[in-house]
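The values are calculated or read from the model by the stated rules, or taken from the named source; none is laboratory data. Just so it is clear, the structure is predicted and the values come from calculations on it, not from any experiment. Neighbour counts run over all protein chains shown; Cβ positions are idealised from the backbone, glycine included. To get the accessible areas, we keep the full protein, side chains included, count just its heavy atoms, and leave off ligands, DNA and RNA. Shrake-Rupley method; radii C 1.70, N 1.55, O 1.52, S 1.80 Å.
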Amino acid sequence: MKKYLRGVAVAGVLTLAVAACGSKPTTSDNAGGAKKDFKACMVSDSGGFDDKSFNQTSYKGMQDAVKALNINEAKVESKSDNDYPTNMTAMVSQKCNIIVGVGFKLNDSTYKAAAANAGIKFALVDPGDLATLPKAANVKPLAFNTAQSSYLAGYLAAGMSKSGKVGTFGGVQIPTVTIFMDGFAEGVKHYNEAKGKNVQVLGWDENTQKGLFAGGFEDKAKGQTTAQNLVTQGADILFPVAGPAGLGALQAAKASSGKVNAIWVDTDGCVSAAEYCSVLLSSVFKGMDVAVQDVITATVDNKFDPTAYVGTLQNNGTGLSPYHEFDSKIPADLKSEIDQLKKDIVDGKITIASKAQPKSAS
């Protein structure tokens with residue numbers, strides 16, 4: 001990945017009130033620097049910028065770009081799905097040079113704003129099926145094939161389960177959530193076939209596309225209740241794909257006195273939610289921070305390209321995070337098998353079936 005020299009960012013924060021949006025937009029203007037007249041902006045989804053996951057990692061990418069390039073930033077946090085159109089309009093009014101929408105749910109608002117503002121560049125994190133997106137010269141989709149990395153997570157979970165049952169649940173049933181659950185289930189299936197085992201996946205059936213969902217991404221208590229449902233059924237490894245609600249699953253694992261562990265998603269949970277590192281086997285990361293920083297940098301350099309980016313195991317846009325506290329507890333042969341699976345996926349020897357995978361790549 002490209003590394004950029006970091007300029008000195010001196011921030012003066014001006015808060016502007018905008019009616020009917022999820023939260024007040026904040027603008028940070030850097031004093032001095034050749035790029036002072038460039039502003040990068042971001043609209044979160046309803047999970048918020050402190051979700052220890054999806055939005056937080058995307059925002060880190062914008063912060064990294066701001067620091068490295070000495071540019072300005074503005075952001076607005078959505079509190080509900082109803083906020084997206086208003087919040088996108090608020091960022092347009094901030095005279096942003098590029099606006100990053102975080103999440104599948106911002107697809108419609110992002111493309112409508114792009115159509116009405118040809119002079120502004122847009123990027124969309126995790127837009128879902130690339131084949132169904134409108135064509136726009138000023139929008140760059142940033143997608144991630146997390147079915148690949150979740151496949152590795154499923155194999156890891158199956159290999160570490162003592163009860164023979166692992167569980168997963170989502171926030172809501174959208175492609176950017178179910179892609180994780182699909183890959184996880186396929187990884188468990190591969191483990192069973194390779195080892196002659198019968199580890200069960202609770203919470204998701206890839207064939208029927210039916211499973212367990214918390215009903216949203218915001219409610220940690222609901223996530224804990226949902227996770228506890230899986231634990232009660234015998235799951236001893238949890239794979240929550242639910243943003244802040246998924247933290248409830250980590251809480252359930254932490255309260256189990258070592259009987260239940262988990263695998264986090266979107267970012268390295270031992271970094272973003274360090275208080276739960278003791279129960280995390282690993283995490284399925286998406287390099288959203290790097291992708292966001294790269295598209296902002298390209299725009300600053302007048303090299304914006306609307307071709308979709310797809311993060312894969314091959315380009316390190318997604319993968320498994322370090323094992324951290326479980327590094328000595330995970331058998332060496334299981335680690336080696338996961339390394340080989342990664343190579344086999346990259347080499348095309350293993351084909352992942354998930355229909356939620358991005359259909360095209362850059």
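When the range 188-232 is examined, which residues are found to be closer than 30 Å to ASP333 by Cβ, open to solvent by less than 30 Å² (accessible area, probe 1.4 Å) and not in a helix (DSSP H, G or I)?
Scanning the range 188-232 gives VAL199, LEU202, GLY203, TRP204.
Return yes when ALA255 is open to solvent by 10 Å² or more (accessible area, probe 1.4 Å), out of contact with any Pro (no Cβ under 8 Å at 6 or more places or on another chain), over 24 Å from GLU186 (Cα atoms) and hydrophobic (A, V, I, L, M, F, W, C) and no when it is not.
Spelling it out, ALA255 is indeed open to solvent by 10 Å² or more (accessible area, probe 1.4 Å), out of contact with any Pro (no Cβ under 8 Å at 6 or more places or on another chain), over 24 Å from GLU186 (Cα atoms) and hydrophobic (A, V, I, L, M, F, W, C).
Pairs please, first residue from the range 316-341 and closer than 14 Å to LEU152 by Cα, second anywhere and charged (D, E, K, R), Cβ atoms under 7 Å, 6+ apart in sequence or on different chains.
Matching pairs, first to second residue: THR318/LYS286; SER321/ASP268.
If you go through the range 98-109 one residue at a time, do you hit one that is more than 23 Å from VAL265 (Cα to Cα), touching a residue at least 40 places away in the same chain (Cβ under 8 Å) and part of a helix (DSSP H, G or I)?
yes
Within the range 178-187, is even one residue crowded, with 21+ Cβ neighbours inside 10 Å and not in a helix (DSSP H, G or I)?
Within the range 178-187, none of the residues are crowded, with 21+ Cβ neighbours inside 10 Å and not in a helix (DSSP H, G or I).
Of the residues ASP45, ASP50, ASP129, ASP81, only one is modelled with pLDDT under 95, crowded, with 24+ Cβ neighbours inside 10 Å and of a type in the set (Asp, Glu); which?
Matching residue, one of ASP45, ASP50, ASP129, ASP81: ASP45.
Identify, by number, the condition in (1) assigned to a loop (DSSP other than H, G, I, E, B); (2) among the small types (Gly, Ala, Ser); (3) open to solvent by 20 Å² or more (accessible area, probe 1.4 Å); (4) closer than 29 Å to PRO244 by Cβ that SER354 doesn't meet.
Every condition holds for SER354 apart from (3).
For the range 92-104, how many residues are touching a helix residue (DSSP H, G or I) at 6+ places or on another chain (Cβ under 8 Å) and either modelled with pLDDT of 95 or more or open to solvent by less than 60 Å² (accessible area, probe 1.4 Å) (or both)?
Within the range 92-104, residues that are touching a helix residue (DSSP H, G or I) at 6+ places or on another chain (Cβ under 8 Å) and either modelled with pLDDT of 95 or more or open to solvent by less than 60 Å² (accessible area, probe 1.4 Å) (or both) number 8.
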